[in-house]
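Each value in this text was obtained by applying a stated rule to the coordinates, not by laboratory testing. Source: prediction; values computed, not measured. Cβ sites come from the backbone with ideal geometry, for glycine too, and all protein chains shown count toward neighbours.
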Amino acid sequence: MKKVLKYIVLAILIALLFLVRAFESNLFYDPLIKYFQNEYLYLRMPKVNTWKLVVDLLFRYTLNSLITLAIIYVYFNKKRYVKFAGFFLMLAFVLLIFTFVFLLKDEFKHGYLLPFYIRRFLIHPLFLIILFPAFYYMKLNKLKRF
């Protein structure tokens, strides 16, 4: 892929990540958005439809993950990077969602920071920020060896 086209596609994919964030209140059910905007210090946790929240977290995580995988593929053009990232993202979702639901059922009685950060990893493409530099470093190391 030509460099200009590659960077245009990357810009579009990054814009898609911004669009998911911009339309989050229209697309996803998440009563915890307002709760975690300083209300957790003063109010009790709002009523949450756990099933609906989990389904919408899965939908949002899947959208962010697909865009993340596309960014990794377009930039690095390595299927093994995409396979590893896909497996990593699936495993991370399973571990994070089970932990989050457990803490949600407990109504955050043992603190709000852990569920707050788990939810952050579920709703934002933070794993892109972790995986991209790791793959870039691997790419640089391969270039230095030859």
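Numbers below:
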{"quantity": "Residue match in segment 53-60 (condition: touching a residue at least 12 places away in the same chain (Cβ under 8 Å), assigned to a helix (DSSP H, G or I) and charged (D, E, K, R))", "calculated": "yes"}
{"quantity": "Test: Leu95 is exposed (fewer than 13 other Cβ atoms within 10 Å of the Cβ), out of contact with any Gly (no Cβ under 7 Å at 6 or more places or on another chain), of a type outside the set (Lys, Arg) and part of a helix (DSSP H, G or I)", "calculated": "yes"}
{"quantity": "Count of residues meeting criterion [over 11 Å from Val82 (Cα atoms) and of a type in the set (Gly, Ala, Ser)] in segment 50-72", "calculated": "0"}
{"quantity": "Which numbered condition Leu32 misses (of (1) more than 20 Å from the chain's Cα centre (by Cα); (2) closer than 17 Å to Leu103 by Cα)", "calculated": "(1)"}
{"quantity": "Only one of Lys109, Lys142, Lys83 that is among the basic types (Lys, Arg), surrounded by fewer than 18 Cβ atoms within 10 Å (Cβ to Cβ) and outside any helix (DSSP H, G or I)", "calculated": "Lys109"}
{"quantity": "Residues (touching a residue at least 24 places away in the same chain (Cβ under 8 Å) and within 19 Å of Ala70 (Cα to Cα)) located in segment 93-135", "calculated": "Phe93, Phe121, Leu122, Ile123, His124, Pro125, Phe127, Leu128, Leu131, Phe132, Phe135"}
